[in-house]
Each structure stands twice: as C-alpha cells, then as structure tokens.
Amino acid sequence: MPLRKFCAHPGCNKVIDITKTYCSKHTITKAQRDKEYDAKYRDQKAKAFYNSKAWQIVRQKILTRDNHIDIYLYMTERRIVKAALVHHIVEYREDPSKGLDPDNLISVSEETHEKIIKKMYANEETKKQMQQQLRKAIKDYREFGA
C-alpha cells in the first residue's frame, strides 16, 4: 500500500499520495498562477510595452551590441556568461521615456538580473549605487573595445 499524507492546503483534510503536495482541488498550474497574476497585479502598460514589436527589436539590438554576454559580470569579474535578458538601468515604470534608450539598457544573465533586482529594491541608496555600477560597466565595455 502506497504511503499517504494530508493535503498541505490549510484546513484541507483530503488524503493524497505522499509524492504530491496538494489535492486536485488545491493544485494550480503555473499557467493558472500567471493568469491570476496578470489579472490582479501585473502593470498592463508595462506588459504592453514588453510585448511590443519596438521593444523586441531594441532588445535584440542590445543583445547583439553586447555580443550576447552578461556585460556586468564581464566587466566586474571578467567572466563570460551568456546574457538572456536586457535590463533597464532606470526602470521602465520610473521613466517610460527611457524604455527604448540604448544607453539605459544592458545585457545580463538571469542570475545577474536577480542580484541586480535584489540590490535595487533594498533601498534608494543601493539602487543609485547599482545604477552607477551598471552605467560604468557599459562605459568600460565600450572603451574596452568589445
């Protein structure tokens, strides 16, 4: 007989297989979570911007400009890591007019992007420091001749 346990949802007493976390009533898919997040929380103006043809074109140009490498890691640690994202130094929410400005964009890996976001959202002081570091990385990369 397989091992069983209770559903992890608070107050649910349904018995399920031990390999599962929730019963079928409380299991939601990533697609359902994304749909709910889109409906309740996501900034619709930003979503439209990131889905626009103009952003897709500029994003690809920036990745090409930066040779598809994480510029921040390359200039700070001399490591070559493939860039998957293009990050806004001044966030799109703060200043939409800089949304397509190449001087406000830098290619980064997902790992670097997570680190940048954590530092930027810590407080206003670290945010300004991080923005300066990113601008310096772009400037140094251009001067380096890459």
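The values are calculated or read from the model by the stated rules, or taken from the named source; none is laboratory data. Small disclaimer: the values here were computed from a predicted structure and weren't measured. A quick note on method: Cβ atoms are made from the backbone with ideal geometry, for glycine too, and the neighbour counts reach across all protein chains shown. Please note that ligands, DNA and RNA were not included when accessible areas were found on the heavy atoms of the full protein model with its side chains. Shrake-Rupley method; radii C 1.70, N 1.55, O 1.52, S 1.80 Å.
What to note about this one:
- Between Ala31 and Phe144, the modelled labels are 4.2 nm apart [label points 7 Å from Cα along Cα→Cβ].
- Among Val90, Tyr41, Ile18 the positive-end extreme of the charge dipole of the chain (Cβ point charges): Ile18
- Rounded Å value of the spacing that divides the Cα centres of the stretch 88-108 and the stretch 1-76: 23 Å
- Nearest-ten-degree value, helix 110-122 long axis tilted from longest Cα axis of the chain: 90 degrees
- Here's how it looks for Ile69: its modeled amide H is under 5 Å from those of Ala83, which are all 5 or more places away or on a different chain.
- Modelled this way, with points 7 Å down the Cα-to-C-beta line, the labels at Cys12 and Ala46 are 3.0 nm from one another.
- Fully extended contour minus Cα-Cα distance, from Gln132 to Thr21, at 0.36 nm per residue: 35.6 nm
- Extension gain, Glu94 back to Gln56 (0.36 nm per residue minus Cα-Cα distance, nm): 11.7 nm
- Charge dipole (debye, nearest 20) of the chain; +1 at Cβ of Lys and Arg, -1 at Cβ of Asp and Glu: 560 debye
- Remark on the chain: Rg and Dmax equal 20.8, 67 Å (Cα only).
- Gyration tensor verdict on the stretch 56-131 (Cα atoms; rounded if a/c is under 1.5, prolate if a/b is larger than b/c, oblate otherwise): oblate
- Accessible area per residue (1.4 Å probe, heavy atoms of protein chains only) ranks Met130, Met75 as Met75, Met130, with the largest value leading.
- Between helix 30-40 and the chain there is an angle of about 70 degrees, using the helix long axis and the longest principal axis of the Cα atoms.
- Zone residues, the stretch 45-73, relative to Lys82, backbone N less than 13 Å from point 7 Å out along Cα-to-Cβ: 68-70
- Normalised per residue, the accessible area of the chain is 69 Å², obtained with a 1.4 Å probe and no contribution from ligands, DNA or RNA.
- Charge tally in the Cβ shell below 12 Å around Phe6, where Lys, Arg are +1 and Asp, Glu are -1, Phe6 excluded: +3
- The chain, accessible surface, carbon-and-sulfur percent (1.4 angstrom probe): 55 percent
- Taking Lys and Arg as +1 and Asp and Glu as -1, the other residues whose beta-carbon sits under 12 Å from that of Ile62 total 0.
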